[in-house]
Amino acid sequence: MKKPLKRKSATVGDWVEISAVLLAPGERSPNLPPETAAVPLVMRVRGWAQKAGRIGAKISVKTQAGRVLHGKLLAVNPRFDHDFGGCVPELIDVRRRLKELMAKGGAP
Amino acid sequence: MRYAEIMARREEILRKSSTVDYSGFRRGKLAFDYEGMMAAVGYSLDQVRAIQKAAHVGGTPLLELNNLTALVRKHCAKGKGARIFLKDEAANPSGSFKDRRASLSVHEAKKRGFPGVAAATSGNYGAAVAGQAAAANLRCVVVQEVFDSRGVGQPEIVEKGRKCEALGAEVLQLSVGPELFAMLLAVLDETGFFNASLYTPLSVAGIETLGAEVAEGVRAAVGRDPDAVIITHAGGGNVTGTARGLRKLGCDRTKVVAASIDIEGLHMASDAAFNKKSCTTGHTGFGVPFASWPDRADVPLNAARSLRYMDRYVSVTQGQVFWATEALACLEGLERGPAGNTSLAAALVLAAEMPADQTIVVQESEYTGAGKHPTAQLSFARANGIEVRLGDPAEEVPGQSIVIPEQFEQLRVREMDLDKLRRSYIKNAVKHAGGSLAAEDLKFVAEDIRATKEFVEQEIGPVGPLGPIGMKE
């Protein structure tokens with residue numbers, strides 16, 4: 001199956017993902033480990049584009065809760081990329097051992 | 001948004017987004033009328049059941065795990081090996097027991113005319129709030145901690161975000177940091193939504209039906225009360241609500257056992273450590289701090305107070321949880337999410353200690369799917385530099401390795417020292433009370449950690465009519 005081409009710009013009403021910095025490093029909570037304090041607090045949110053724009057452009061979206069939020073356009077029709085992962089041979093080994101163990105002497 | 005500004009308005013925003021007047025229950029610097037606060041929910045157990053039934057929540061099957069019981073009996077002394085039951089909470093509408101917690105909040109929000117509900121959670125609770133809100137025609141915002149500064153998120157949380165979106169919520173996804181709470185406050189402030197916190201009396205009362213159903217299910221199956229109920233522990237609501245439900249049904253001798261995944265050494269607010277955990281909840285990173293100080297939550301007074309109810313607290317390794325998840329799938333035909341199997345992993349060890357005529361109940365399961373699955377989570381761990389191998393789980397180092405047991409004999413639990421948690425609670429209590437406890441606070445603390453007044457006094461020195469004495473060095 002061919003993957004659809006990634007869209008480079010959004011038109012009004014497209015389902016899009018945006019991102020914005022909510023707190024710059026200096027504005028964050030005072031009690032953070034140094035590696036967290038050094039980076040900004042960033043948000044990502046999905047909604048319907050309120051105006052047209054190219055990837056990276058500042059736009060606004062209306063979310064499913066009806067809020068209007070502003071940020072940089074990340075993606076149009078954003079994908080979900082999570083999956084079941086690769087084969088984990090160790091788990092297959094666990095399964096084989098368990099099955100063999102239960103077969104031995106029969107299940108009570 | 002200014003962080004300090006929004007945090008300064010914390011009390012006001014929480015008051016407006018709630019139906020509980022918390023200040024009315026306060027009795028001292030720390031002390032509050034816990035039972036009074038729970039009673040103010042205003043619904044009896046049966047009324048809660050009726051509300052949940054109308055929302056398609058609860059009434060989940062109690063399954064006897066015959067093959068896992070048989071597996072345990074192959075490895076323990078003759079006459080041992082308790083019968084293992086599983087409360088299949090994955091059968092709830094959004095796939096976990098969290099629907100019980102969300103149902104009352106959403107019911108109350110609707111009844112009181114709130115335009116929507118919001119919650120800060122990276123767990124199954126988000127989907128529960130989203131789903132319950134959808135069915136009640138309320139709007140919903142879920143605030144999640146999802147990705148690190150590279151923009152990478154654990155597959156388990158990414159899936160939970162997808163589910164919230166599919167159920168119609170706005171999903172506000174954030175990078176790592178405790179400011180999640182401030183962002184929730186900002187959302188509540190802007191929208192006027194109801195704060196569907198995990199830690200309200202409504203949320204905990206919603207779980208009481210789970211304890212009650214466990215009691216009824218076991219009585220129907222074996223004709224007596226469960227001997228032990230084992231509960232995956234993170235923020236404390238699951239332990240608190242389940243134990244309260246068991247007690248309401250009169251199960252006074254049932255042992256309440258909490259279980260968490262051991263992730264000792266991984267800092268919860270660390271951008272670098274965030275993706276080194278391979279389970280996102282049910283772990284000691286929540287379980288220990290919330291037991292030793294519950295009032296760190298997004299409500300003024302936390303209704304989830306686990307030390308009141310725990311008889312025992314054990315931890316298991318990540319590798320054991322993945323092992324148990326595999327065993328549940330291939331021996332019982334039940335493919336369920338890994339994090340919910342934390343208590344199952346511990347139950348396999350505990351069942352071996354118990355007589356064969358006793359019962360142990362694993363009180364929840366959760367749904368599984370893309371991202372929320374052992375192969376997804378272990379693949380992600382490997383991609384993040386975690387060593388995944390077979391071996392002795394005792395060798396697992398959280399954040400460095402996941403060691404999946406090779407043999408049943410390698411399964412074990414680590415006892416968490418309840419007295420140590422109690423002492424840590426006392427220390428926190430004294431700190432939060434400004435250095436000393438008054439007599440009413442002392443009484444409250446003793447009740448809250450299920451210890452004697454003497455135990456508390458040993459830590460802080462006597463609290464007499466002449467006035468309190470501060471923390472013992």
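Assorted remarks:
- Only one residue of B:TYR313, B:GLN52, A:LEU74 has its Cα farthest out toward the positive end of the dipole of the protein assembly as shown, where Lys and Arg carry +1 and Asp and Glu -1 on Cβ, and that residue is A:LEU74.
- Chain B, helix-only ellipticity at 222 nm - DSSP H runs n ≥ 4, -39,500 (n - 2.57), divided by all residues, nearest 500: -13000 deg cm²/dmol
- Length added when fully stretched, B:LYS53-B:ALA166, from 0.36 nm per residue minus Cα-Cα: 38.4 nm
- Positive-end residue of B:VAL41, B:THR368, B:PRO405, charge dipole of the protein assembly as shown with Cβ unit charges: B:THR368
- Over all projection directions, the Cα-based convex hull of segment A:1-80 averages an area of 7.0 nm².
- Virtual spin-label span in nm between B:SER23 and A:ASN31, 7 Å along Cα→Cβ: 2.4
- Look at the Cα gyration tensor of segment B:3-43: its axes a ≥ b ≥ c give a/c of at least 1.5 with a/b at or below b/c, and that counts as oblate.
- Inter-probe distance in nm under a simple model that places probes 7 Å from Cα toward Cβ, at B:ASP392 and A:LEU5: 6.0
- Gyration tensor verdict on segment B:418-460 (Cα atoms; rounded if a/c is under 1.5, prolate if a/b is larger than b/c, oblate otherwise): oblate
- Given +1 at the Cβ of Lys and Arg, -1 at the Cβ of Asp and Glu and no other charges, the dipole of the protein assembly as shown around its Cα centre is 1460 debye to the nearest 20.
- Reducing segment A:62-86 and segment B:281-311 to their Cα centroids gives an inter-centroid distance of 32 Å.
- Net lengthening on full extension, B:LYS16/B:SER436 (0.36 nm per residue, minus Cα-Cα): 148.1 nm
- A 1.4 Å probe run over the protein chains yields, for chain B, 34 Å² of accessible area per residue, whole-number rounding.
- Here A:LYS8 is the anchor, and the lysines within straight C-alpha reach of less than 20 Å, apart from those fewer than 8 places off in the same chain, are A:LYS51, A:LYS58, A:LYS62, A:LYS72.
- Global form of chain B, assessed from the alpha-carbon gyration tensor, a/c cut-off 1.5: rounded
- Taking 0.36 nm per residue of separation and subtracting the Cα-Cα distance, full extension of the segment from B:ARG412 to B:LYS427 would add 2.4 nm.
- Cβ-based charge dipole, segment B:37-141, positive-most Cα from B:ALA91, B:PHE114, B:THR69: B:THR69
- Computed about its Cα centre, the charge dipole of segment A:1-80 is approximately 540 debye, with only Lys, Arg, Asp and Glu carrying charge at their Cβ.
- Taking Cα centre as origin and charging only the Cβ of basic (Lys, Arg, +1) and acidic (Asp, Glu, -1) residues, the dipole magnitude of chain B rounds to 640 debye.
- Antiparallel DSSP beta bridges within the protein assembly as shown, percent to nearest 5: 50
- Residues B:ARG112 and A:ILE55, FRET efficiency given R0 of 45 Å [Cβ-Cβ distance, rounded to 0.05]: 0.60
- Flagged links, alpha-carbon separation over 30 Å, of B:LYS74/B:LYS163; B:LYS16/B:LYS87; A:LYS99/B:LYS80; B:LYS110/B:LYS427; B:LYS78/B:LYS372: B:LYS74/B:LYS163; B:LYS16/B:LYS87; B:LYS110/B:LYS427; B:LYS78/B:LYS372
- Whole-angstrom gap from segment B:98-145 to segment B:72-94, using each part's C-alpha centre: 32
- Estimated [θ] at 222 nm from DSSP helical runs (n ≥ 4, -39500 (n - 2.57)) normalised by residues in chain A, nearest 500: -5000 deg cm²/dmol
- The simple Förster model, with R0 at 22 Å and r as the Cβ-Cβ distance, assigns A:VAL21 and B:ARG382 a FRET efficiency of 0.10.
The values are calculated or read from the model by the stated rules, or taken from the named source; none is laboratory data. Because the structure is a prediction, the values reported are computed rather than measured. Because the Cβ atoms are built from the backbone with ideal geometry, glycine has one as well, and the counts that use them run over all protein chains shown. Surface accessibility is based on the protein's heavy atoms, side chains included, excluding ligands, DNA and RNA. Shrake-Rupley method; radii C 1.70, N 1.55, O 1.52, S 1.80 Å.
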